[in-house]
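In what follows, a structure is listed as structure tokens, so that the remarks can point back to it.
The values are calculated or read from the model by the stated rules, or taken from the named source; none is laboratory data. Everything numeric here is computed off the predicted structure, so don't read it as measured data. Note that we place each Cβ from the backbone using ideal geometry, even for glycine, and neighbour counts take in every protein chain shown. To get the accessible areas, we keep the full protein, side chains included, count just its heavy atoms, and leave off ligands, DNA and RNA. Shrake-Rupley method; radii C 1.70, N 1.55, O 1.52, S 1.80 Å.
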Amino acid sequence: MDYTQERVATLHDYGDAHPDAPVDRATVVVPMTEREYAGLAAEGVLSTLEDVDPERVLVALRAPAERVPAFCEWLEGFDLSLDVLWCTGPRLSALLDDAGLAGESGKGRDVWLALGLAARSEYVALHDADAASYSERDVPKLLAPLSNDFEFVKGYYARVESGRLYGRLFRLFYEPLVDALADANDHDVLDYLGAFRYALAGECAMTADVARSLRVQRRWGLEVGTLGEAYRLAGFSGSAQVDLGFYEHDHRAVSGPTGLGDMSEGVGDALLRAVEAAGVDPAYDTLAERYVEAARRFERGYAADAAFNDFTHEPAAEHEQVETYREAVSPPGPDTRLPAWADAPLAPADVREAAAADLDAVR
């Protein structure tokens, strides 16, 4: 436990923080896929939100048509003001195609669609549905700084479970890559990106104005891309991070189509696009080697931390992961982000109408 500040305001939980917060003026966005259906973690999240009682809960659902009716019936069992936004229905897909916004679908696109609708509320909070350690204090913690003139709030927590350090993509890729960039470039954006204690957390909150102004990554890299946008929109003075304690949720393999290796490509792309947009010109010819050098220092530090706590730790596996992540250190590809809702070629009302018609057609 500590009480230090970063260059963004850092709000600590010293034991039982449960601040007053504008939950009655907030929509909580919870993206879900078919794998969350009736799962224990998702059940816990939604049951806890019943006690929080926000203005509205918006479930951004990505699922095949045949699974949607049962999913909606399950969601209706919770005592919540809850809307379902089916993000992959045919009418909504056609609407996006007509607007020139067709392309890769994924969590980022689902969140973008939801932000347009959620920004009817004064505040928007966003978090995943796979947290086994979810607390009724989490949403108030995220929202409280917004009523004190902050515009963007990020959650952070310890990725420690069952005597092991997790958060591997953050510890072994994001942190050392930001460190390598900052070592060679003196720029505020790198100070900003380095100030967040768990930059890959999906838990955040923002004002409606920020929600309408975000350009959003379509798939992997959503969280880092959002931080890059928060730097542009809120900056140091308008940003805060809050202590959410310990979090337990799903872990991914390194390899495979949804593994950490693939995720590192999206994270690296979003990170490097954000720093380029802010005016940094990374020396790509040496960046991969400098990243590996920084990662080796972080490896040693985390190994010492694990030993200090008598945790299970696998240095060889972490060493190998760094070599996998090295491949993601390259210039960002084409910018396929979805536009800010303030500039989008369609209105949230169009999305709401198309998605509602899709739901009516399958229920």
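Can you check what the Kirkwood hydrodynamic radius comes to for the stretch 119-265, Cα pairs only, in Å to one decimal? Hydrodynamic radius (Kirkwood, Cα pairs) of the stretch 119-265 is 16.0 Å. Take every Cα-Cα pair in the stretch 276-363 and report what % of them are more than 23 Å apart. Tail fraction, whole percent: 58.
So for the stretch 282-321, taking the charge dipole from beta-carbon charges (+1 Lys/Arg, -1 Asp/Glu), which of F311, P282, G301 sits furthest toward the positive end? Working it through, the farthest residue towards the positive pole turns out to be P282. In loop segments of the stretch 256-363 as defined by DSSP, there are no GluC sites (Glu not before Pro) with at most 11 further C-beta atoms inside 10 Å of their C-beta.
Can you tell me the dipole magnitude for the chain around its Cα centre, using point charges on the Cβ only (Lys, Arg +1; Asp, Glu -1), in Debye to the nearest 20? About 500 debye.
A probe of 1.4 angstrom, applied to the heavy atoms of all protein chains, finds V160 with accessible area near 40 square angstrom. Between the amide H of G221 and those of V267, distances stay under 5 Å, these residues lying 5 or more places away or on another chain, with hydrogens modeled in the peptide plane.
So what is the accessible area of the chain per residue, in Å², with the probe set to 1.4 Å? If you can, show how the numbers build up before the last one.
Working: 15330 Å² over 363 residues.
Ligands and nucleic acids excluded, the result is 42 Å² per residue.
Bridges between two residues of the chain, per DSSP, are antiparallel at a rate of about 30%. Along the charge dipole of the stretch 1-105, pointing to its positive end and built from +1/-1 on Cβ of Lys, Arg, Asp and Glu, which listed residue (V28, A63, V52) has its Cα farthest out? Of the options given, the answer is A63.
Distance from the Cα centroid of the stretch 219-248 to that of the stretch 115-140 is 14 Å (rounded to whole angstrom). Once ligands and nucleic acids are excluded and a 1.4 Å probe is used, how much of E104 is accessible, expressed in Å² to the nearest 10? Ignoring ligands and nucleic acids, E104 comes out at about 110 Å².
Can you give the Kirkwood hydrodynamic radius for the stretch 73-206, in Å, rounded to one decimal and based on Cα pairs?
On the way: mean 1/r = 0.0557 Å⁻¹.
Over the stretch 73-206, the inverse of the mean reciprocal pair distance is 18.0 Å.
Semi-axis lengths, largest first, of the ellipsoid equivalent to the stretch 297-343 are 36, 16, 8 Å, with √(5λ) applied to each eigenvalue of the Cα gyration tensor. Dipole of the stretch 1-133 computed with +1 at Lys/Arg Cβ and -1 at Asp/Glu Cβ about the Cα centre; of S81, V111, S93, farthest Cα towards the positive end is S93. The share of accessible area on the chain that comes from carbon and sulfur is 46 percent, using a 1.4 angstrom probe. Only Cα sites of the chain enter the Debye sum here, all with the same form factor; the resulting log10 I(q)/I(0) across q = 0.07, 0.09, 0.11, 0.15 1/Å is -0.29, -0.49, -0.74, -1.42, listed in q order.
For the stretch 31-154, give the magnitude of the charge dipole about the Cα centre (Cβ charges: +1 Lys/Arg, -1 Asp/Glu; no others), in debye to the nearest 20. Don't jump to the answer; show the numbers that get you there.
On the way: 11 positive and 23 negative charges, 74 e Å.
The calculation lands at about 360 debye.
Mean silhouette area of the stretch 62-101, derived from the convex hull of its C-alpha atoms and averaged over all directions, reads 3.3 nm².
Can you pull the percent of Cα pairs in the stretch 30-119 with separation above 14 Å?
Numbers: 2602 of 4005 pairs.
Across the stretch 30-119, Cα pairs with separations above 14 Å total 65 percent.
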